[in-house]
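J.: Before I ask anything, let me first share the structure, which is written out below as structure tokens.
The values are calculated or read from the model by the stated rules, or taken from the named source; none is laboratory data. Everything quoted here is computed from the prediction, not taken from an experiment. Because the Cβ atoms are built from the backbone with ideal geometry, glycine has one as well, and the counts that use them run over all protein chains shown.
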Amino acid sequence: MHSWTDTLRFAFQPVVNLRTGAVAALETLARPETGDILAEARRDPELDGRLAVLAFRAAARKESLLPLHLNVFAATLADLGGLTPLRDAVRGAGRMPWEVTLDIVPPYTHVPHRALLEAVASLREQGFRISADGIGDGDVPLRLLTDLSPGLVKLDASLLARPAAVRAMRTLCEELGALVVVEGVETEHQCAAALAAGAQLAQGELFAPPARIPVVDVYVPPLAPAAVAAPRSGPSVREFVRPAAVLPLSAPAEQVRALLTGSPDVSGVLLVDAAGRPVRSVHRSRFLLSMSTRYGHALYAGRPASKLGDPPRTVGVDATAWEVLDVVAVGGRDRTSDDVAVVDGQGRCVGVVRLADLVRALAESRVEEAAGLNPLTRLPGSDAIVGEVDRRISEGRAFALSWLDIDHFKQVNDGAGFAAGDELIRAVGGALQRAVARQARVGHIGGDDFLVLADEEALDPLVSAVLDASWAVGGRPVTLSLATVVCAPGSVGDHHQAAAQLAPLKKAAKALRGASWVLGRAGLPGHEVRRGGPGPAPAETGFAAAEPRW
């Protein structure tokens, strides 16, 4: 009599890092030849638990070093309270629990949430990683999603038609410390949309279909740098994480050599303790060079590989690419090509980052940024500011958008010359940069016009440092005008609406006498005059009269 396992096969689909184009993990998918074993597993937690074990063993037989994703129904975890047979299977195969991510699959309706959360806590304590699957096409309550606090959130590709929802989920994931994965990506347009919405990982037919033999090379379409969602303070290290080759700290050198010679794409091995914390880092070239010397194999083959390792370089999962470069810069030059281990809050390894990936991405971002800088002040133009405005709006964050210019600037140019005018513009731009001290974004949008994006509480120091300063050209006083619109969450829909709210305030500020500042609030009538006297504003520069800029 044949068992249902006789007709059960498994396929493997890669999870792709959209930043690096590398395969970050493999998801194992059941493919029964007859019947609907998945429907039965949904009703039978014991059967679903056995499927997870079989899926893991099928992946282990492929001898892939990649992290694995296994599907398990939410009801299974709530009913079984954990997956002891899976943990035993993982240990028995010589793998570690933190190399396995459990994709918790809907439905969640009628699943006891307390029991589910307790089971997830137990699995996480054992070292397993947790992913919330089917978001956007399932029934997971938002409150439960935050309580689960998964390391990954898998979104259905249908949500890409609603980019605001994806961006909102990205914001939530940033708060949870989770990565965003988009499932079911089939077209290059969807891939570009996933990147634009801030997803870091994806899987689907576009990259590689499920296959009986795990694939390493996947197709990732070339994307323009503008398609990549701009990070808040430099690219996050999460966007560059590659799977780590890990072995126990006690592993002999011969085992490390076998791993490296059998996997030419592995640049190094991390030796970890029983909790998965990196203790030693073995660099591929240095290790193989030591083993290949005249007596190297005889000296080291049976000894612990840690003797040929170095202290690992580590960064937290919340680090930025710039912080990784700081870590690489410390120490000898011979270690600049070493992988940097990325660790979670418990110090456990979640992967590695390679210097080449970081340098390439940072160079691209710098080239793009430099192309948008104003050649006079070296400040970004309006694109950088309005892009940040739209991000703040999508994230539901309040902000203050300010416009500043030099009063009667044409008269300055006509009376003192364009060189003096350029020098004044540079001085004002430099003063703005120093005043905000990284607490705001400053843009030079052309001529003598500047934009400043900041939190409302940063406005007073800005005004004191710039607007209240004494400005002069050729011994003649010069004044500045400032207009600010404060936008509360929901008060504007995009940067166009914010600019429309700012326009009448700018006109009101220019109508005042002397240095002026007008502040209004989006959606509310009227404005507040914080600096400046009643108009009309005279030509205070003392230069020859000229037509007003308006």
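J.: Can you run down the residue pairs with Cβ atoms below 6 Å, 6 or more apart or on separate chains, where the first is in the stretch 465-494 and farther than 30 Å from ARG391 by Cβ and the partner is part of a helix (DSSP H, G or I)?
T.: Qualifying pairs under 6 Å: VAL473/VAL412; VAL473/ALA416; VAL473/ALA420; VAL473/LEU424; GLY474/ALA416.
J.: Select from the stretch 15-32 the residues that are under 20 Å from the mean Cα position of the chain (by Cα) and either assigned to a strand (DSSP E or B) or polar (S, T, N, Q) (or both) and write down the one among them that is modelled with the lowest pLDDT. First the steps, then the outcome.
T.: Filtering the stretch 15-32 for residues under 20 Å from the mean Cα position of the chain (by Cα) gives 15-25.
Still in the list and also either assigned to a strand (DSSP E or B) or polar (S, T, N, Q) (or both): 15-17, 20, 23-25.
Values: VAL15: 94, VAL16: 92, ASN17: 90, THR20: 79, VAL23: 90, ALA24: 90, ALA25: 92.
That would be THR20.
J.: Moving to a separate point now. PRO45 passes all but one of (1) within 20 Å of ALA121 (Cβ to Cβ); (2) surrounded by 21 or more Cβ atoms within 10 Å (Cβ to Cβ); which number fails?
T.: (2)
J.: Also: Quick check: is even one residue across the stretch 64-86 surrounded by 22 or more Cβ atoms within 10 Å (Cβ to Cβ) and among the β-branched types (Val, Ile, Thr)?
T.: yes
J.: Does the stretch 173-189 include one or more residues that are surrounded by 19 or more Cβ atoms within 10 Å (Cβ to Cβ), at pLDDT below 90, more than 24 Å from ASP147 (Cβ to Cβ) and touching a strand residue (DSSP E or B) at 6+ places or on another chain (Cβ under 6 Å)?
T.: No.
J.: Being at pLDDT below 80 and part of a helix (DSSP H, G or I) is the filter here; which residues of the stretch 419-439 pass it?
T.: Pass one, the stretch 419-439, residues at pLDDT below 80: 433-439.
Those that are at pLDDT below 80 and part of a helix (DSSP H, G or I): GLN433, ARG434, ALA435, VAL436.
J.: For the structure I just gave you, tell me whether GLU540 is in contact with a strand residue (DSSP E or B) (Cβ under 8 Å, 6 or more places away or on another chain) and at pLDDT below 90. Talk me through it step by step, then tell me what you get.
T.: Values: in contact with a strand residue (DSSP E or B) (Cβ under 8 Å, 6 or more places away or on another chain): yes; at pLDDT below 90: yes.
Spelling it out, GLU540 is indeed in contact with a strand residue (DSSP E or B) (Cβ under 8 Å, 6 or more places away or on another chain) and at pLDDT below 90.
J.: In the stretch 245-292, which strands (runs of 3 or more DSSP E) lie fully inside it and hold 2 or more residues that are of a type in the set (Val, Ile, Thr)? First the steps, then the outcome.
T.: On the way: elements: 246-248, 268-272, 278-283.
It comes to 268-272, 278-283.
J.: Go through ALA509, ALA472, ALA465, ALA488 for me and flag whichever is assigned by TED's automatic domain parsing to the domain that holds ASP390, surrounded by fewer than 16 Cβ atoms within 10 Å (Cβ to Cβ), modelled with pLDDT of 90 or more and not basic (Lys, Arg). Can you show your working first?
T.: Numbers: ALA509 fails: surrounded by fewer than 16 Cβ atoms within 10 Å (Cβ to Cβ); ALA472 fails: modelled with pLDDT of 90 or more; ALA465 fails: modelled with pLDDT of 90 or more.
Only one candidate qualifies: ALA488.
J.: Could you check the stretch 377-418 and list, in sequence order, the residues that are closer than 22 Å to ALA472 by Cα and in a helix (DSSP H, G or I)?
T.: PHE409, LYS410, GLN411, VAL412, ASN413, ASP414, GLY415, ALA416, PHE418
J.: More than 26 Å from the chain's Cα centre (by Cα), buried (at least 17 other Cβ atoms within 10 Å of the Cβ) and either assigned to a helix (DSSP H, G or I) or of a type in the set (A, V, I, L, M) (or both), is that true of ALA115?
T.: No.
J.: As an exercise: evaluate VAL324 against (1) surrounded by 14 or more Cβ atoms within 10 Å (Cβ to Cβ); (2) under 27 Å from the mean Cα position of the chain (by Cα); (3) over 18 Å from GLY177 (Cβ atoms); (4) among the hydrophobic types (A, V, I, L, M, F, W, C) and give the number of the one condition it does not meet.
T.: Status for VAL324: all satisfied but (3).
J.: Being modelled with pLDDT under 85 and not hydrophobic (A, V, I, L, M, F, W, C) is the filter here; which residues of the stretch 449-462 pass it?
T.: Passing the criteria: GLU457, ASP460, PRO461.
J.: Related question: All but one of (1) surrounded by fewer than 20 Cβ atoms within 10 Å (Cβ to Cβ); (2) at pLDDT 90 or above hold for ALA329; which doesn't?
T.: (2)
J.: Given (1) surrounded by fewer than 17 Cβ atoms within 10 Å (Cβ to Cβ); (2) modelled with pLDDT of 90 or more; (3) in a strand (DSSP E or B); (4) not small (Gly, Ala, Ser), where does PRO477 come up short, assuming only one miss?
T.: (2)
J.: Hey, can you tell me all the residues within the stretch 392-409 that are out of contact with any Gly (no Cβ under 8 Å at 6 or more places or on another chain) and surrounded by 18 or more Cβ atoms within 10 Å (Cβ to Cβ)?
T.: Residues satisfying the conditions are ARG392, SER394, PHE399, ALA400, LEU401, SER402, TRP403, LEU404, ILE406, ASP407, HIS408.
J.: Go through the stretch 199-236 and give me each residue that's touching a Gly at 6+ places or on another chain (Cβ under 8 Å) and at pLDDT below 85.
T.: VAL220, ALA229, ALA230
J.: Report yes if some residue within the stretch 404-425 is of a type in the set (S, T, N, Q) and within 39 Å of the chain's Cα centre (by Cα); otherwise report no.
T.: Within the stretch 404-425, not a single residue is of a type in the set (S, T, N, Q) and within 39 Å of the chain's Cα centre (by Cα).
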